[in-house]
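The values are calculated or read from the model by the stated rules, or taken from the named source; none is laboratory data. This is a predicted model, so every value here is computed, not measured. Positions of Cβ are generated from backbone atoms using ideal geometry, with glycine treated the same way; all protein chains shown enter the neighbour counts. These area figures cover heavy atoms from the full protein model, side chains too; ligands, DNA and RNA do not enter into them. Shrake-Rupley method; radii C 1.70, N 1.55, O 1.52, S 1.80 Å.
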Amino acid sequence: MRLDRVNKHAGKFGFAPIRMFILSIITGVCCGFGAVFFRELIAFFHNLFFGGEFSFFYDANLHTLPHGGAWIILAPVVGAIGVVFLVKNFAPEAKGHGVPEVMEAVYYKKGVIRPIVALIKSLASALSIGTGGSVGREGPIIQIGASFGSWLGTFLKIPPWQRITLIAAGAGAGIAATFNTPIGGVLFAT
(Lines give C-alpha, C1' and ligand atoms only; values in the text may rest on other atoms or scores of the structure.)
Protein backbone atom coordinates (compact mmCIF):
# COMPACT_ATOMS: atom_id res chain seq x y z
CA MET A 1 0.00 0.00 0.00
CA ARG A 2 1.37 3.40 -0.91
CA LEU A 3 2.07 5.94 1.86
CA ASP A 4 -0.06 8.68 0.33
CA ARG A 5 -3.01 6.31 0.32
CA VAL A 6 -2.39 5.44 3.99
CA ASN A 7 -2.17 9.13 4.94
CA LYS A 8 -5.28 9.97 2.87
CA HIS A 9 -7.42 7.41 4.66
CA ALA A 10 -6.15 8.07 8.20
CA GLY A 11 -8.82 10.78 8.75
CA LYS A 12 -11.07 10.09 11.72
CA PHE A 13 -9.01 7.10 12.78
CA GLY A 14 -6.06 9.28 13.74
CA PHE A 15 -2.73 10.02 12.17
CA ALA A 16 -1.25 7.62 9.64
CA PRO A 17 1.69 5.45 10.70
CA ILE A 18 4.29 7.59 8.94
CA ARG A 19 3.05 10.71 10.73
CA MET A 20 3.03 8.90 14.07
CA PHE A 21 6.59 7.79 13.37
CA ILE A 22 7.61 11.41 12.82
CA LEU A 23 5.72 12.57 15.93
CA SER A 24 7.42 9.85 17.97
CA ILE A 25 10.84 11.02 16.78
CA ILE A 26 9.96 14.64 17.64
CA THR A 27 8.76 13.51 21.08
CA GLY A 28 11.93 11.50 21.65
CA VAL A 29 14.26 14.32 20.65
CA CYS A 30 12.41 16.86 22.82
CA CYS A 31 12.41 14.48 25.78
CA GLY A 32 16.13 13.84 25.30
CA PHE A 33 16.79 17.57 25.55
CA GLY A 34 14.43 17.64 28.53
CA ALA A 35 16.53 15.00 30.27
CA VAL A 36 19.68 17.02 29.66
CA PHE A 37 17.96 20.12 31.06
CA PHE A 38 16.77 18.08 34.06
CA ARG A 39 20.31 16.90 34.82
CA GLU A 40 21.61 20.47 34.60
CA LEU A 41 18.82 21.68 36.87
CA ILE A 42 19.83 19.08 39.45
CA ALA A 43 23.45 20.26 39.15
CA PHE A 44 22.32 23.88 39.56
CA PHE A 45 20.48 23.18 42.82
CA HIS A 46 23.31 21.01 44.13
CA ASN A 47 25.92 23.65 43.38
CA LEU A 48 23.73 26.40 44.83
CA PHE A 49 22.93 24.63 48.09
CA PHE A 50 26.20 22.81 48.75
CA GLY A 51 28.80 24.83 46.85
CA GLY A 52 27.32 28.31 47.11
CA GLU A 53 27.79 28.98 43.39
CA PHE A 54 25.64 29.42 40.29
CA SER A 55 26.80 26.63 38.02
CA PHE A 56 25.07 24.05 35.83
CA PHE A 57 28.04 21.66 35.82
CA TYR A 58 28.38 18.84 38.32
CA ASP A 59 30.33 15.61 38.05
CA ALA A 60 29.04 13.05 40.52
CA ASN A 61 32.28 11.08 40.17
CA LEU A 62 34.35 13.89 41.69
CA HIS A 63 34.36 14.49 45.42
CA THR A 64 33.54 18.07 46.35
CA LEU A 65 33.94 19.51 49.80
CA PRO A 66 30.78 21.29 50.90
CA HIS A 67 31.02 24.55 52.74
CA GLY A 68 28.69 26.21 55.17
CA GLY A 69 28.90 24.10 58.34
CA ALA A 70 25.40 23.44 59.70
CA TRP A 71 23.88 24.38 56.35
CA ILE A 72 24.60 20.81 55.22
CA ILE A 73 21.96 19.60 57.65
CA LEU A 74 19.44 22.31 56.75
CA ALA A 75 19.77 22.09 52.95
CA PRO A 76 17.62 18.94 52.58
CA VAL A 77 15.00 20.45 54.89
CA VAL A 78 14.81 23.65 52.83
CA GLY A 79 14.64 21.54 49.67
CA ALA A 80 11.80 19.42 51.07
CA ILE A 81 9.83 22.51 52.05
CA GLY A 82 10.28 23.90 48.53
CA VAL A 83 9.13 20.60 47.00
CA VAL A 84 6.00 20.48 49.16
CA PHE A 85 5.17 24.09 48.29
CA LEU A 86 5.54 23.53 44.53
CA VAL A 87 3.61 20.27 44.37
CA LYS A 88 0.81 21.22 46.72
CA ASN A 89 0.12 24.61 45.15
CA PHE A 90 0.71 24.07 41.44
CA ALA A 91 0.44 20.40 40.38
CA PRO A 92 -0.72 17.73 42.85
CA GLU A 93 -0.25 15.13 40.08
CA ALA A 94 3.51 15.71 40.33
CA LYS A 95 3.67 14.03 43.72
CA GLY A 96 5.03 10.55 44.09
CA HIS A 97 7.40 8.45 42.06
CA GLY A 98 6.15 9.31 38.57
CA VAL A 99 5.44 5.94 36.99
CA PRO A 100 2.15 5.22 38.85
CA GLU A 101 0.89 8.69 37.96
CA VAL A 102 1.62 8.09 34.27
CA MET A 103 -0.11 4.72 34.41
CA GLU A 104 -3.14 6.33 36.04
CA ALA A 105 -3.31 8.93 33.27
CA VAL A 106 -3.08 6.22 30.62
CA TYR A 107 -5.72 3.94 32.12
CA TYR A 108 -8.19 6.38 33.67
CA LYS A 109 -7.71 9.76 31.94
CA LYS A 110 -7.32 8.72 28.28
CA GLY A 111 -3.67 9.72 28.34
CA VAL A 112 -4.24 13.34 29.33
CA ILE A 113 -1.53 14.83 31.55
CA ARG A 114 -1.57 18.55 32.23
CA PRO A 115 1.48 20.37 30.77
CA ILE A 116 2.22 22.11 34.08
CA VAL A 117 3.06 18.70 35.54
CA ALA A 118 6.29 18.52 33.52
CA LEU A 119 7.46 21.92 34.74
CA ILE A 120 6.58 21.35 38.40
CA LYS A 121 7.93 17.79 38.38
CA SER A 122 11.19 19.07 36.88
CA LEU A 123 11.61 21.81 39.45
CA ALA A 124 10.46 19.80 42.46
CA SER A 125 12.48 16.69 41.64
CA ALA A 126 15.61 18.64 40.76
CA LEU A 127 15.29 20.60 43.99
CA SER A 128 14.83 17.40 45.98
CA ILE A 129 17.73 15.55 44.35
CA GLY A 130 19.97 18.61 44.30
CA THR A 131 19.51 19.29 48.00
CA GLY A 132 20.28 15.73 49.02
CA GLY A 133 16.88 14.06 48.93
CA SER A 134 16.89 10.29 48.74
CA VAL A 135 15.27 9.93 45.32
CA GLY A 136 16.38 9.05 41.81
CA ARG A 137 16.05 10.53 38.33
CA GLU A 138 14.11 7.71 36.69
CA GLY A 139 10.60 8.41 38.01
CA PRO A 140 10.65 12.15 37.35
CA ILE A 141 12.06 11.84 33.85
CA ILE A 142 9.42 9.26 32.95
CA GLN A 143 6.68 11.63 34.07
CA ILE A 144 8.32 14.60 32.34
CA GLY A 145 8.69 12.73 29.04
CA ALA A 146 5.19 11.28 29.26
CA SER A 147 3.64 14.67 29.93
CA PHE A 148 5.36 16.10 26.85
CA GLY A 149 3.98 13.23 24.74
CA SER A 150 0.53 13.82 26.20
CA TRP A 151 0.76 17.55 25.54
CA LEU A 152 1.75 16.99 21.91
CA GLY A 153 -1.07 14.50 21.40
CA THR A 154 -3.60 16.83 23.01
CA PHE A 155 -2.35 19.81 21.02
CA LEU A 156 -2.70 17.91 17.73
CA LYS A 157 -6.10 16.50 18.80
CA ILE A 158 -5.24 12.91 17.99
CA PRO A 159 -7.22 9.94 19.36
CA PRO A 160 -6.42 8.67 22.87
CA TRP A 161 -4.75 5.47 21.63
CA GLN A 162 -2.26 7.51 19.61
CA ARG A 163 -1.76 9.95 22.47
CA ILE A 164 -0.85 6.98 24.66
CA THR A 165 1.68 5.92 22.03
CA LEU A 166 3.31 9.34 22.30
CA ILE A 167 3.28 9.01 26.09
CA ALA A 168 5.20 5.74 25.76
CA ALA A 169 7.63 7.38 23.32
CA GLY A 170 8.23 10.23 25.77
CA ALA A 171 8.71 7.94 28.76
CA GLY A 172 11.08 5.66 26.84
CA ALA A 173 13.04 8.61 25.50
CA GLY A 174 13.39 10.03 29.00
CA ILE A 175 14.76 6.74 30.34
CA ALA A 176 17.11 6.40 27.36
CA ALA A 177 18.44 9.92 27.77
CA THR A 178 18.84 9.99 31.53
CA PHE A 179 20.69 6.66 31.72
CA ASN A 180 22.36 6.75 28.27
CA THR A 181 20.64 3.48 27.36
CA PRO A 182 18.73 3.77 24.07
CA ILE A 183 17.78 0.10 23.91
CA GLY A 184 16.78 0.16 27.56
CA GLY A 185 14.42 3.06 26.84
CA VAL A 186 12.79 1.13 24.00
CA LEU A 187 12.38 -1.94 26.19
CA PHE A 188 10.92 0.16 28.97
CA ALA A 189 8.37 1.74 26.64
CA THR A 190 7.21 -1.61 25.30
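When the accessible area of the chain is computed with all protein chains present and a 1.4 Å probe, what percentage of it is carbon and sulfur?
That fraction is 71 percent.
Using the basic label-point model (7 angstrom from Cα toward the beta carbon), what is the F37 to E53 distance in nanometres?
Those two pseudo-labels are separated by 2.5 nm.
Where in the chain are the DSSP H helices whose C-alpha atoms run 20 Å or more along the long axis and whose mean Kyte hydropathy is at least 1.0?
Helices meeting the criterion: 17-46, 71-90, 116-130.
Taking only C-alpha pairs under 8 Å that are 6+ residues apart, what is the relative contact order of the chain in percent?
In percent, rounded to a whole number, it is 25.
Working with all protein chains in place, sort K110, K157 by solvent-accessible area computed with a 1.4 Å probe, largest first.
Accessible-area ranking of K110, K157, largest first: K157, K110.
May I ask you to derive the relative contact order of the range 133-190, considering only C-alpha pairs under 8 Å and at least 6 residues apart, and to give it as an integer percent?
34 percent
How many nm is it between the label spots at K95 and K157, if each spot is 7 Å from the Cα in line with the beta carbon?
It works out to 3.5 nm between the two label points.
For the chain, how many pairs of lysine residues have a Cα-Cα distance under 19 Å, where the two are 8 or more positions apart or belong to different chains?
Lysine pairs meeting both conditions in the chain amount to 9.
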